[in-house]
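The values are calculated or read from the model by the stated rules, or taken from the named source; none is laboratory data. Predicted model, so just to flag it, every value in this text is computed and none were measured. All Cβ positions, even for glycine, are placed from backbone atoms using ideal geometry, and neighbour counts span all protein chains on display.
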Amino acid sequence: MVSRRFRLYLDTSVWNRLADPVNFVMRRDTYHFLNRAAARHILVVSPLVIAEVQETPDPDERLTIERLLRKQRPERLGHHERVDEIARSLLEGGGLGMRRLVDLTHVGYAITCRADALVTWDARTLARPRIRTLVQAYCRRNGVQAPLIGRPGEVAEWLGLSM
Amino acid sequence: MARTVDVALKNYRRARRKVNDRLVKAEKEGRLAQELRRIEREARAWWDKEDAGKVRRKAK
C-alpha cells in the first residue's frame, strides 16, 4: 500500500526553533518532526516565511535557519491572487484586528496551496480553537480543503506521523 | 523561580510584527496584493542567490 504524502505548510516559528539557543526540548522536537514525521512528506513555505526569517535579529541564528531551510528543499510558493482576499475575509469574519493580518495571510497561503496542515509553534495566535473554527468555517463555505492548524506534535498525531 | 526567556519565540514575534506592519501599511493604502507580490519577488531573489552560488561552485 502506498501511503499518502501530506502537504505540510511550515510557518516561521517552526524554522526559528531550529536555531533555538535556549529551549533544547522544543528544538529537538522540531528536528524530530522534520527528520522523522515529515521526512517523506512535502514541506511548503511561502514568501512570507522567507521575509520573516530575514528579520531574525541575530546574524548567526539567521544563517543557521537559512541553511536548514534550504537543506530541507521545501516547495516554494509563489504569489497567489486569492491570498489577500482570504486573509481579509478571515480578518473580517473573525472580528480580528489588523495585528493578525500576517497570521491570516499565512493561513491564506496554506489554503491556496491545499496544505493538509499548517504547522506552527505559535499556540497564542494560530494554533488555537478560535482560529481553527474560523478557518474551517471559511473553507466549508468556499468548498475548499481546510488545513489542520497545530503544533508539530499535534499535527504528527492527527495525521498519524511517527515522531 | 526566574522564568526563562523564550528567545526563538521572541525573535519570531518580532519578525512577524515587522512583516505585519508592512502588510498593514500596504492594506491601508489599498495595495496589499502588490506588497505580497513584492515580498514574493524578494523571496525568489533570495532563493536564486543561493542557486546561483551553487552553479558557480560547481563550475569551478
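Numbers for the structure displayed
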quantity	calculated
Residues being among the acidic types (Asp, Glu) and away from chain B (no Cβ under 13 Å) - total across the range A:5-30	0
Which listed residue is among the β-branched types (Val, Ile, Thr) and not in a helix (DSSP H, G or I), from A:Thr105, A:Thr56	A:Thr56
Verdict on A:Glu75 being more than 8 Å from chain B (Cβ to nearest Cβ) and either in contact with a Leu (Cβ under 9 Å, 6 or more places away or on another chain) or in contact (Cβ under 8 Å) with a residue 60 or more places away in the chain (or both)	yes
One residue from B:Glu35, B:Glu40 being at pLDDT 95 or above, closer than 18 Å to A:Leu104 by Cβ and more than 8 Å from chain A (Cβ to nearest Cβ)	B:Glu35
Single condition A:Gln54 does not satisfy, out of (1) within 12 Å of chain B (Cβ to nearest Cβ); (2) surrounded by 23 or more Cβ atoms within 10 Å (Cβ to Cβ)	(2)
Tally, over the range B:2-29, of residues that are at pLDDT below 95 and not in a helix (DSSP H, G or I)	5
Enumeration of residues in the range A:25-49 that are in a helix (DSSP H, G or I) and either touching a Ser or Thr at 6+ places or on another chain (Cβ under 9 Å) or among the aromatic types (Phe, Trp, Tyr) (or both)	A:Tyr31, A:Phe33, A:Arg36, A:Ala37, A:Leu48, A:Val49
Residue within the range A:38-50 that is more than 18 Å from A:Leu8 (Cα to Cα) and surrounded by 19 or more Cβ atoms within 10 Å (Cβ to Cβ) present	no
Any hit, the range A:135-155, residues being surrounded by 20 or more Cβ atoms within 10 Å (Cβ to Cβ), within 19 Å of B:Glu40 (Cβ to Cβ) and more than 11 Å from chain B (Cβ to nearest Cβ)	no
Output for the range A:31-51, where each listed residue is free of Cβ contacts under 8 Å to residues at least 40 places away in the same chain and more than 9 Å from chain B (Cβ to nearest Cβ)	A:Tyr31, A:Leu34, A:Asn35, A:Ala39, A:Arg40, A:Ile42, A:Leu43
Number of positions in the range A:108-149 that are part of a loop (DSSP other than H, G, I, E, B), touching a Ser or Thr at 6+ places or on another chain (Cβ under 9 Å) and in contact (Cβ under 8 Å) with a residue 40 or more places away in the chain	5
Test: residue in the range A:125-134 that is within 9 Å of chain B (Cβ to nearest Cβ) and surrounded by fewer than 23 Cβ atoms within 10 Å (Cβ to Cβ)	yes
